[in-house]
Amino acid sequence: MAIRRDQAIILRTRDYSESDRLITFFSRNQGQLTGIAKGARRSKKRFVHTLEPCSHVAVTYVDRPTSGLVRLDASELKNAFIALRSDIARLGYASLSCEIVLEMSPERQANAALFALLYQYLEQLELGAEPENTSLLFQTRMLHLSGYGPNLQGCVLCGRQLRAGGNWFFSILQGGLVCKDHKHGQQPYPVSLGTVMLLRQAQQLPLAKLWRLRFQRQSRQECRFLLIDLVRHYLEKDLKSLKLLHQIGALKSTNDRI
């Protein structure tokens, strides 16, 4: 057994027994882990207010090689991101992003860049950044860091290079751009050259500069469902957090996409 201490973002909390909880968190040095928090449901001293999803914590846990679960011994709250929790739209987008990390990141695979991205994303929402713009940036970078970033260099079917003046489309099935001659049968999303260049920047810019990018009206309309549908395509399942965003009107039905 090894005792480990690490920084983490809480992704999900579930009741496990009458007194315990299962906590899934994304740690800076070990990636996604799930641990048992003994007595978390009953104790008024241990884990108080430190296991809420979307919280930044310092965790102490025992890693047991014979078990897929770790034993969570302590959790110190570093940032509860109180401001974003007071706004239902910000909280909805934060929950969606944590769910994407939960579903797309493999267990026990360290990804310090993804940890930094998720932390800075929550920090941006806390500081008042516009939630949809910030979430589109997060989704673009998350896909890239996870190895699922879309091919934005040209048509993935014929190799035609991207250039101004042409009509371009995004194919969820192909995971990248297709030209007008190869859009048929691809369930295409029309995308402008400006949108493609913005997505390229979101993949490549240093993280500190990522949040300066802005999806203007056309690019936002083009990417609103493109990115999340790409995530759902790779997961082969829906995302539960989308329901809240639909309920509060932050997202329209995917049937309404352009």
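Read-outs throughout are calculated quantities, based only on the coordinates presented, and are distinct from any laboratory measurement. From a predicted model like this one, the values you see are computed outputs, not experimental measurements. FYI the Cβ positions are ideal-geometry reconstructions off the backbone, even for glycines, and counts take in every protein chain you see.
Less than 15 Å Cβ to Cβ from Gln204, Lys/Arg counted +1 and Asp/Glu -1: what total charge do the surrounding residues give? Mind dumping the intermediate values first?
Values: positive: Arg141, Arg200, Lys209, Arg212; negative: none.
Surrounding charge for Gln204 is +4.
Under the rule of at least 5 residues apart or a separate chain, name every residue whose amide H is placed under 5 Å from the amide H of Asn111.
Gly31
Name the residues whose placed amide hydrogens come within less than 5 Å of the amide hydrogen of Arg160, ignoring near sequence neighbours (fewer than 5 apart) on the same chain.
Those lying under 5 Å, H to H, from Arg160 are Cys155.
Taking each pair of distinct Cα atoms in the stretch 93-246 once, what is the resulting Kirkwood hydrodynamic radius in Å?
Values: mean 1/r = 0.0626 Å⁻¹.
Evaluated on the stretch 93-246, it is 16.0 Å.
Give the angle, between 0 and 90 degrees and rounded to the nearest 10, that separates the Cα long axis of helix 88-104 from the longest principal axis of the Cα atoms of the chain.
Here the helix axis deviates by roughly 90 degrees.
Treat each spin label as a single point 7 Å out from the Cα along the C-beta direction, and report the Ala164 to Gln187 distance in nm.
Spacing of the two 7 Å Cα→Cβ label points: 3.4 nm.
I need the calculated FRET efficiency for the pair Glu236 and Arg5, taking r as the beta carbon distance and R₀ as 41 Å, to the nearest 0.05.
Details: r = 36 Å, r/R0 = 0.87.
Approximately 0.70, to the nearest 0.05.
Mind putting together the pair-distance distribution for the chain? All Cα pairs, 5 Å bins, whole percent per bin, short to long.
The percentages, shortest bin first, are 1, 6, 13, 16, 17, 15, 11, 8, 6, 4, 2, 1, 0.
Relative to the longest principal axis of the C-alpha atoms of the chain, give the angle of the C-alpha long axis of helix 112-126, reported between 0 and 90° and rounded to the nearest 10°.
Approximately 90 degrees, to the nearest 10.
Would you please give the residues with an amide H less than 5 Å from that of Phe169, counting only those at least 5 places away or on a separate chain, with H modeled from the backbone geometry?
The list, which skips near neighbours in sequence, is Val178, Val191.
Lys78 to Tyr16: FRET efficiency via 1/(1 + (r/R0)^6), r the Cβ-Cβ distance, R0 30 Å, to the nearest 0.05?
Numbers: r = 24 Å, r/R0 = 0.80.
With a Förster radius of 30 Å, E is 0.80.
Could you derive backbone 3J(HN,Hα) for the stretch 146-163 from the dihedral phi with the Karplus parameters 6.51, -1.76 and 1.60 (θ = phi - 60°), listing whole Hz in sequence and x where the residue is Gly or Pro?
8, x, 10, x, x, 7, 10, 8, x, 5, 6, 9, 10, x, 4, 7, 5, 7
In whole Å, how far is the Cα centre of the stretch 1-78 from that of the stretch 82-99?
The stretch 1-78 and the stretch 82-99 have Cα centres spaced 21 Å from each other.
With loop defined by DSSP as not H, G, I, E or B, and exposure as at most 13 other Cβ atoms within 10 Å, which is the longest segment of the chain clear of exposed GluC sites (Glu not before Pro)? Walk me through the intermediate numbers first.
On the way: sites that count: Glu18, Glu236.
With a cap of 13 other Cβ atoms within 10 Å, the longest stretch comes to 19-235.
Hey, what angle do you get for helix 193-204 against the long axis of the chain, alpha-carbon based, 0 to 90 degrees rounded to 10?
Computed tilt is about 30 degrees.
Of the trypsin sites (Lys or Arg not before Pro) in the stretch 130-228, which ones lie in a loop per DSSP and count no more than 16 other C-beta atoms within 10 Å? Don't jump to the answer; show the numbers that get you there.
Numbers: sites: Arg141, Arg160, Arg163, Lys180, Lys183, Arg200, Lys209, Arg212, Arg214, Arg217, Arg220, Arg224; in loops: Arg160, Arg163, Lys183, Arg212, Arg214, Arg224.
Passing sites in the stretch 130-228 are Arg163, Arg212, Arg214.
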